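The values are calculated or read from the model by the stated rules, or taken from the named source; none is laboratory data. This is a predicted model, so every value here is computed, not measured. Please note: Cβ atoms are built from the backbone with ideal geometry, for glycine as well, and neighbour counts cover all protein chains shown. SASA here: full protein model, heavy atoms, side chains in, ligands and nucleic acids out. Shrake-Rupley method; radii C 1.70, N 1.55, O 1.52, S 1.80 Å.
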Amino acid sequence: MTETLAAVEQAAISLLKRAVELDTSKRFTESLICYQEGIQLLLEALKATSDEGKKKRFRQRIEEYMNRAETLKKHIAAGKESGKYHEQIRIEENSKGWSYERLIGRFLDDQITGVEVEDPYIRNIHQMYNFLRMCELFVKSKSNVKSIKLTTGKDHDEDLQIKRFKEIEASLKDYNVTLDVNYSTSLHDREIRLNNGWIVKIGRGLDYFKPPNGKFSLGYCDFDLRKCHETTVDIFHKKHTQSKFSSSS
């Protein structure tokens with residue numbers, strides 16, 4: 001029991017330390033998640049100990065971090081309400097741990113029914129796989145995504161590109177999700193729009209991962225273990241994103 005309690009406490013400390021680092025970097029949505037998870041672990045530690053000294057210390061920490069988490073919630077909510085919320089993440093060259101789930105998973109709540117992806121380079125096979133992985137994230141998340149709209153550029157082998165999209169479309173139908181693919185010759189923006197208001201703009205689009213060392217190298221399947229190209233991610237919240245989806249459907 002003592003060893004288990006120590007492990008829980010250490011895990012809480014690590015999470016809350018990360019929360020403070022993210023908070024300082026103004027990455028508030030990520031920070032809030034870490035605060036919440038760290039607080040939950042401290043609550044578990046509080047229940048598990050009979051030491052009154054530790055109980056007092058845990059309660060103090062829980063109150064301190066809960067107050068900060070509540071402040072962040074209000075800050076994020078105010079930004080969303082005003083339509084001015086903005087958060088920026090810089091992905092460093094060769095860094096790891098930046099899967100699609102890490103970037104946007106926290107925004108995939110049960111209010112989402114539609115997603116729009118704009119990326120001019122969903123063309124060759126690894127870019128197709130990137131898009132497929134993004135679709136898998138939408139399907140397995142707690143969201144209620146029913147439609148995915150993709151705008152991209154045409155590949156030189158247009159027939160093969162269409163064939164691959166048709167395969168993804170057929171697979172999504174098994175999960176009651178529709179895929180609508182549109183092509184543009186003038187598209188330059190790279191962004192993901194969720195109809196709960198969140199917008200994620202990735203400088204390099206979905207294609208910010210470096211190739212793995214080989215097909216049997218770590219990172220080939222798990223993108224959290226894949227090295228990344230340097231890029232910037234801008235996160236916004238717009239109150240009227242949902243109405244845009246409704247009017248365009």
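With respect to the conditions (1) open to solvent by 20 Å² or more (accessible area, probe 1.4 Å); (2) of a type in the set (Val, Ile, Thr); (3) at pLDDT below 95, Ile76 lacks only one, and its number is (1). Among the residues of region 166-188, those identified as farther than 15 Å from Leu137 by Cα, loosely packed, with under 12 Cβ neighbours inside 10 Å and in contact (Cβ under 8 Å) with a residue 12 or more places away in the chain are Asn182, Thr185, His188.
Against the test of being farther than 28 Å from Arg90 by Cβ and not hydrophobic (A, V, I, L, M, F, W, C), the options Lys166, Lys201, Lys227, Lys239 yield a single qualifying residue, Lys166. Where helices (runs of 4 or more DSSP H) fall entirely within region 1-118, those with at least 3 residues that are hydrophobic (A, V, I, L, M, F, W, C) are at 2-24, 28-48, 52-82. Given the structure, is Ala7 among the hydrophobic types (A, V, I, L, M, F, W, C), buried (at least 18 other Cβ atoms within 10 Å of the Cβ) and either farther than 30 Å from Val200 by Cα or in contact with a Lys or Arg (Cβ under 6 Å, 6 or more places away or on another chain) (or both)? Judged against the criteria, Ala7 is not a match. In contact with a strand residue (DSSP E or B) (Cβ under 8 Å, 6 or more places away or on another chain), over 16 Å from Arg102 (Cα atoms), open to solvent by 80 Å² or more (accessible area, probe 1.4 Å) and not β-branched (Val, Ile, Thr): does that describe Lys238? The answer is yes for Lys238.
If the condition is being within 15 Å of Asp234 (Cα to Cα) and open to solvent by less than 70 Å² (accessible area, probe 1.4 Å), then region 82-104 contributes Gly83, Tyr85, Glu87, Ile89, Ile91, Trp98, Tyr100, Leu103, Ile104. Scanning region 113-154 for residues that are open to solvent by 30 Å² or more (accessible area, probe 1.4 Å) and charged (D, E, K, R) gives Glu118, Arg123, Arg133, Glu136, Lys140, Lys142, Lys146, Lys149, Lys154.
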